[in-house]
Structures are given as C-alpha cells and as structure tokens.
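Data first, discussion second: the structure below is written as structure tokens.
Only the coordinates and a few stated rules stand behind these numbers; no lab work does. The model shown is predicted, which means the values in this text are computed figures rather than measured ones. All Cβ positions, even for glycine, are placed from backbone atoms using ideal geometry, and neighbour counts span all protein chains on display.
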C-alpha cells in the first residue's frame with residue numbers, strides 16, 4: 001500500500017478554527033470539509049529547549065488567496081497545520097505525523113507567491129503567549145503625554 005504526505009490547514013478566529021479548511025494533496029477535489037488549495041508549509045521545528053520557532057505558509061498569488069490572507073492577518077486568526085499520511089486512491093488520512101498551531105502574524109507577496117508568517121501560539125519554555133499588536137479599536141486613543149492617571 002502506498003502513502004503520500006500532505007497538509008491540512010484550518011484557519012479561523014481563536015476558538016473557531018473551522019472558518020476556512022483546506023488540503024493540498026487531492027488535486028481539484030474536496031476531501032470531507034476540506035477544499036483543495038495549493039499551499040506549502042515550512043519552517044515549523046522545535047528547538048532543543050522545547051520552544052517552537054515560527055513557521056510559514058506559502059500560497060499562489062491570486063485574488064481569492066489575497067483576500068483570505070489579508071483577512072487572516074488583520075483579524076489575527078489562528079492556524080492549525082496538520083502534516084498527514086494519506087492514501088492516494090481513497091483520500092483517507094491514514095496517520096497524522098505533526099500538528100502546528102500558530103497565529104497569522106505577518107505576510108508578504110511578490111508577483112507569484114504570498115507568504116504568511118505563523119507565530120508560535122505558546123512558548124513552551126517561558127509559558128507565555130506571544131505579543132499582540134494593539135490598535136485603536138482595542139485600546140482607544142493613545143495618550144500624547146507620559147503623565148497618565150489611572
């Protein structure tokens with residue numbers, strides 16, 4: 001029996017990872033709830049100290065992908081990427097090899113590709129959540145003086 005590896009990608013707001021579901025192994029097919037989207041995943045490793053390093057997702061630069069990526073970054077969506085072994089004749093997931101959770105933190109694009117940086121959700125060594133970008137909608141106007149009374 002032949003197995004091939006691929007990835008499942010789930011993206012959504014914290015606590016709702018099922019907003020977008022994609023797979024990159026069954027070309028042009030929907031597998032369960034997962035739609036086909038060609039993407040690459042890389043850079044997810046753990047150091048000897050146990051903390052995860054940032055990972056990247058790479059997509060083709062299309063209008064649909066740009067809209068999805070911009071929404072994911074602006075709304076700080078959480079992504080779960082599962083590296084799996086699947087059966088190429090039945091599209092059944094035979095085994096999950098690795099799962100990575102990350103926050104869609106930054107992105108970049110050129111003429112052909114879009115990259116999304118996934119920050120590690122939790123630092124296993126220091127047990128703290130990575131910093132979050134604050135904006136006016138979350139905290140209000142920023143004071144112009146350092147003399148702030150609480």
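Report the paramagnetic label zone for residue 71: residues of the range 16-41 whose backbone N is under 11 Å from a point 7 Å from Cα along the Cα-to-Cβ axis. Of the residues in the range 16-41, 19-21 have backbone N under 11 Å from the label point off residue 71. From least to most packed, judged by other beta carbons within 10 angstrom and beginning with the fewest, 75, 10 follow the order 75, 10. Spacing of the modelled spin labels on residue 63 and residue 94, each 7 Å from Cα toward Cβ, amounts to 4.1 nm. Look at 36, 68 and count the other Cβ atoms within 10 Å of each Cβ; fewest to most, that gives 36, 68.
Once the chain from residue 106 to residue 30 is taken as fully extended at 0.36 nm per residue, the excess over their C-alpha distance is 24.6 nm.
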